[in-house]
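Below: one structure, written as structure tokens.
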Amino acid sequence: MYEPKTRQDYLATASRHLAKAVQLAGAAESAAYNPDHRRKTADYAAAGALHADVARSAAAIAEALPKDAPEDTDA
């Protein structure tokens, strides 16, 4: 399994999971208003919460890593 190594990798992971969390929140909202799919609301919400947690964790790791420093060209 691929493990992100750089700050940008972690930010990209956070962004992907945040987008998925938003998508699942929309699906949960739609299911809540549809009598035929109301039973799926909790499942969509739980999956969205999981993706939001992954996004938060990846963003926190990215924040803890040093920002990309410009290359030293004086060598």
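The values are calculated or read from the model by the stated rules, or taken from the named source; none is laboratory data. Predicted model, so just to flag it, every value in this text is computed and none were measured. Every residue, glycine as well, gets a Cβ built from its backbone with ideal geometry; the counts of neighbours run over all protein chains shown. For accessibility, only protein heavy atoms count, side chains too; no ligands or nucleic acids. Shrake-Rupley method; radii C 1.70, N 1.55, O 1.52, S 1.80 Å.
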Practice prompt. Test TYR10 against the stated conditions and say whether it is at pLDDT 95 or above and aromatic (Phe, Trp, Tyr).
Written response: no
Worksheet item: Which pairs have Cβ atoms under 8 Å, sit 6 or more apart or on different chains, and link a residue in region 30-46 that is modelled with pLDDT of 95 or more to one that is among the charged types (D, E, K, R) and open to solvent by less than 70 Å² (accessible area, probe 1.4 Å)?
Response: ALA31/LYS40
Item to complete: Could you tell me which of the residues ALA12, ALA19 is under 16 Å from ASP53 (Cα atoms) and surrounded by fewer than 13 Cβ atoms within 10 Å (Cβ to Cβ)?
Response: ALA19
Worksheet item: Would you say SER57 is surrounded by 14 or more Cβ atoms within 10 Å (Cβ to Cβ), out of contact with any His (no Cβ under 6 Å at 6 or more places or on another chain) and either modelled with pLDDT of 95 or more or not aliphatic (A, V, I, L, M) (or both)?
Response: yes
